[in-house]
Amino acid sequence: MKFTYNWLKEHLETSASVSQIVECLNAIGLEVEDVKDPQQIYKDFTVAQIVKVKRHENADKLWHCHVCIAENEAPVEIVCGAPNVRVGLKVVFAKPKTYIPGRDMTIEKATIRGIESYGMLCSEMELLISNEHDGIIELSEDAIIGHPCHTYLGFDDVLIEVAITPNRGDCLGVYGIARELAAAGLGTLRAINFTQYKGDFECPITVALDFHGKDIPACSAFAGRLIKGVKNCESPLWLQKRLQNIGLRPISALVDITNYITYDMCRPLHVFDTNKLTQNLCARYARKGEKFEALDNKCYEADIHDCVIADDSGMLALAGVIGGVSSSTEMDTQNVFIESALFEPAIIAKTARRLGIMSDARQRFERGVDKNSVILGIEMATALIIDICGGSPSTIVHAVHKNLPSVQVLEFPLSEIERLSGISISEPIVKNILEQLGFDIKDSQDGIYIINVPSHRYDIAGKADIVEEIIRIYGLEKIPSLPLPRLPYICKPLLTTEQKTIQTTRRLVAARGFVEMMSWSFIKHEDALRFGHKHDALKLKNPISTAMTTMRPSLLPGLIAASAHNERHGHKDFALFELGQCFHSLDNNGQTLRVAGVRTGSACYMQQSRQWYQSERNVSYIEAKEDVYAILLALGLNKNSLKVIDSSESWFHPGYSGQVGLGVKNIIAHFGMLHPKYINHYDIKQPLSIFEIMLSDLPVKRNKNLRSGLDEPITHNIYRDLAFVVDENIPAGEVLESLLRADKKHVKDIKLFDVYQGKGLADNEKSLAFEIILMPPTPNPEEEWIGNILQTIIRTAEKYCQARLRQ
């Protein structure tokens, strides 16, 4: 919701500054998103005057201008291509080093076809006033040369933008904002003054509601008035500037008036050219296959559940959403019918969302418009139309459904305030706050008040809502901060298993040198196909861009794209990770939680790049495997239960990748180097080490018994090294798994620390060196016991891997 400071003061009698208003709005729950002061935006743009013009010697479409930019200073030379340059014209001038918002650039001195140009003469587009760029801005004769231009452009009013939550549709009008500030003590709300026109003649057009048998109609009130003999024209300057200040383009007086009342009073209206109507109007549900061309020049087909405004010939508009071309007003329109109605919010929202239409009317009707503003809107529009366009008004015709929403009445005990908020507020203050907000309060017995909810507040449904209104106006900062009482028992865990997994994983991966990133859950369809997408139902019907059309089947596309982006900007050594959801089908189990990471350059674990005291090494698939194992072990999986097998995914480099599973079929992680064809596709210059873990597929630990306290070991680990010669085609992981099965009770861990091929070995052989970590049963084990364990390990390697001990 956008409005200006001076516009607000038409409804609010106040001496508060802009900063005080902004502070108050934030305090009462209306978050201010932006404040734009034209004096700051246009401070570098000044008034100048063209004193000499001639054709550019080397360009037929350019002008060589001499421009006076300050009194008592020599004119400067500027090359300009605008068709409306002429001697004596006062213009908007931007000197070198000035930022041009409409072009997102800072201008400099430039030589254009042999002539040095000092600055720029600006168009409306370059100052973000409008899309007009064919000519430069023409200022009035009274503009003073050298002075800031914002005053002469009519942009000397501060613009305030407020974020309105879906429940506060009443604040989508300047009057609603003023009412909130008045209740907060920042001024006095001015009364709404409007003329009630009895009408010079009876309205020949009738209105009706055609919702037979419906308890909740799509339209519960429909009113209108005919005005004859109008002369449509451009809006007066004050109205044009008011709309331009909030980003609306003036169209014509009739249209601008309805837009003005929409923003001023949160009362959407529509005007029909009665010469294009076929007599009577009605609000009804659309008929099957009914179509019309809307004011956005698009053709829409209505659904039988859509509410429409129609005449005897058919559908004219989607009620509460958008009007139609066939009955729209034009500059030669002479007779207009003002339509004002009350529509059911849910129906308006469904219609607009289905068709993808966003309009000011839709935004207000789907949140709820004041039930009592139907006639008010007509009277305000009538006064403005007659004042600007002339004409003669008829009587008002209206139709009301029998189930028109009535005033909501609530019983409210004053004690509820202290019970729900913890603070006590005096009765006079409570009454004043509620009355300023529009509530009607009647005293009752035993401290219970009867409160009539104002017609503009659709969000008030119970006593807690009344307390919220009182507290936010009284001051949320006045609620004391008190500690929660300590419970006499141990609370149940607050975090779910999945939340604990996410928390543990995020901390561990970050501790391994990764930086977390977050990307969209939508990616290009082509990228989704590359990374395992197999379900077209996951394509979005209304993607926000062509680059985000499909739900991601993997986290890797986002990480790889981020890596390419970082590389293009000169960063070559980094590690990124992401933890989030991936999508595979529409089934209940079609959404999984994953964590993925990418390393590039020399971003190895526990290594800093380019240090004089250590040699630099680049990442490999080994880093990815270590990352996977570190995460899985930290999440409680047993290392002996993990099996490494060759990778079968197309995006991994064959021979430099693998999968980790709890068996051959239950794959829980992938790791390795990105395939070279993917490296080329994403235009990446160096290899990427990547991994992805399916956290949703990890087994859930269920510890039925509580663990005892810390159990200090009474023995120290014993370390021995063994080297085995095996066939070069046997994976080291397979040998490692075999050794771990030799004695699960006393072999604590086995680590591979060296791989050798070369002199002393056959061409098809390799040597694998392992560190054996033994956990003896007694503090001082005999050498015989150690030897027996090592012999068991050697026999296991010989039996399962055809390995021999290297001498």
Run the paramagnetic zone check for LEU128: 7 angstrom along Cα to Cβ, then residues of region 13-51 with backbone nitrogen under 18 Å. 32-46
For region 1-94, accessible area per residue (1.4 Å probe, heavy atoms of protein chains only), Å²: 50 Å²
With every protein chain kept in place and a 1.4 Å probe, the residues LYS97, LYS500, LYS90 fall, from largest accessible area down, as LYS97, LYS500, LYS90
How do ARG507, ARG55 stack up against each other in accessible area, from largest to smallest, with a 1.4 angstrom probe? ARG507, ARG55
Using a Förster distance of 60 angstrom, determine the FRET efficiency expected from the C-beta separation of ILE145 and SER641, and round it to 0.05. 0.10
Run the numbers for SER415 and SER648: contour at 0.36 nm per residue of separation, minus the present Cα-Cα distance, in nm. 77.1 nm
Charged-residue dipole, Cβ positions (Lys, Arg, Asp, Glu), region 309-373 about Cα centre, Debye nearest 20: 520 debye
Of the DSSP beta bridges with both residues in the chain, give the percent that are antiparallel, rounding to the nearest 5. 95 percent
Collect residues whose amide H, placed 1.01 Å from N in the peptide plane, falls under 5 Å from the amide H of VAL91; neighbours closer than 5 in sequence don't count. ALA48, GLN49, ILE50, LEU139
Relative to the longest principal axis of the C-alpha atoms of the chain, give the angle of the C-alpha long axis of helix 374-389, reported between 0 and 90° and rounded to the nearest 10°. 60 degrees
From the Cα gyration tensor of region 164-205, with a ≥ b ≥ c the square roots of its eigenvalues, which class applies: rounded if a/c is under 1.5, or else prolate if a/b is larger than b/c, or else oblate? oblate
What's the extension gain from GLN686 to HIS571 if we count 0.36 nm per residue and subtract their Cα-Cα distance? 40.3 nm
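For the chain, what does the alpha-carbon gyration tensor say about shape, rounded, prolate or oblate, given a ≥ b ≥ c as the root eigenvalues, a/c under 1.5 as rounded, and a/b over b/c as prolate? Mind showing how you got there, number by number?
Values: a/c = 2.45, a/b = 1.74, b/c = 1.41.
Note, shape of the chain comes out prolate.
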If the convex hull is drawn through the Cα atoms of region 1-45, its volume per residue in Å³: 95 Å³
Taking the Cβ-Cβ separation of ASP37 and GLU77 as r and a Förster radius of 45 Å, what is the calculated FRET efficiency to the nearest 0.05? 0.90
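Quick check: with the 1.4 Å probe, what order do HIS670, HIS716 take by accessible area, largest first?
HIS716, HIS670
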Which percent of Cα pairs goes in each bin when the distances of region 1-124 are cut into 5 angstrom slices starting at zero? 2, 9, 16, 17, 13, 9, 8, 8, 8, 6, 3, 1, 0
Share, in percent, of DSSP beta bridges within region 497-639 that are antiparallel, nearest 5: 90 percent
Send over the semi-axes of region 367-423's equivalent ellipsoid, whole angstrom and largest first, taken as the square roots of 5 times the C-alpha gyration tensor eigenvalues. 41, 17, 8
Simple spin-label estimate for ASP587 and ALA537 in nanometres, 7 Å along Cα-Cβ: 1.0 nm
Using a 1.4 Å probe on the protein chains only, how many percent of the accessible area of the chain belongs to carbon and sulfur? 49 percent
Cut-off under 23 Å on the C-alpha distance; same-chain residues fewer than 8 positions from LYS241 excluded. Which lysines are left, in chain and number order? LYS2, LYS9, LYS36, LYS43, LYS90, LYS231
Nearest 20 debye, what's the magnitude of the dipole of region 84-126 about its Cα centre given +1 on Lys and Arg Cβ and -1 on Asp and Glu Cβ? 180 debye
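Provide the per residue accessible area, probe 1.4 Å, for region 468-507, rounded to a whole number of square angstrom.
88 Å²
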Just subtract the alpha-carbon distance of GLN499 and LYS198 from 0.36 nm times their residue separation and send over the number in nm, one decimal. 101.7 nm
Å² of accessible area per residue within region 553-602, as computed with a 1.4 Å probe and no ligands counted: 37 Å²
Distance between the C-alpha centers of region 447-489 and region 46-112? Whole Å please. 60 Å
Quote the convex hull volume per residue of region 282-411, based on C-alpha atoms, as a whole number of Å³. 146 Å³
Measuring from centroid to centroid over Cα atoms, what is the spacing of region 737-807 and region 393-408 in Å? 91 Å
Using a cut-off of under 19 Å, list every residue of region 22-52 whose amide N is near the label point 7 Å from the Cα of ILE479 along the Cα-to-beta-carbon line. 24-32
So, by mean Cβ neighbours within 10 angstrom, what's the order for 415-424, 118-127 with the highest one leading? 118-127, 415-424
Region 493-532-region 538-590 distance, computed between alpha-carbon centres (Å): 11 Å
Rounded D (µm²/s) - region 622-764, Kirkwood Rh over Cα pairs, Stokes-Einstein at 10 °C, 1.306 mPa s: 88 µm²/s
When the gyration tensor of region 436-484 is built from Cα positions, what are the square roots of 5 times its three eigenvalues, in whole Å, from largest to smallest? 23, 15, 10
Of the candidates VAL35, LEU186, GLN757, the farthest towards the positive dipole end of the chain (Lys/Arg Cβ +1, Asp/Glu Cβ -1, centred on the Cα centre) is GLN757
Region 204-358 shape via C-alpha gyration tensor axes, a/c threshold 1.5: prolate
What's the local net charge at GLU379, with K and R +1, D and E -1, over the other residues with C-beta under 15 Å away? -2
With a Förster distance of 56 angstrom and the Cβ-Cβ distance between LEU633 and ALA70, calculated FRET efficiency to the nearest 0.05 equals 0.15
For a label point 7 angstrom out from the Cα of GLN802 toward its Cβ, which stretches of region 743-783 have the backbone nitrogen within less than 16 Å? 762-767
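The values are calculated or read from the model by the stated rules, or taken from the named source; none is laboratory data. Given the structure is predicted, the values throughout are model-derived calculations rather than measurements. Please note: Cβ atoms are built from the backbone with ideal geometry, for glycine as well, and neighbour counts cover all protein chains shown. In case anyone asks, the SASA skips ligands and DNA or RNA and just uses the protein heavy atoms, side chains included. Shrake-Rupley method; radii C 1.70, N 1.55, O 1.52, S 1.80 Å.
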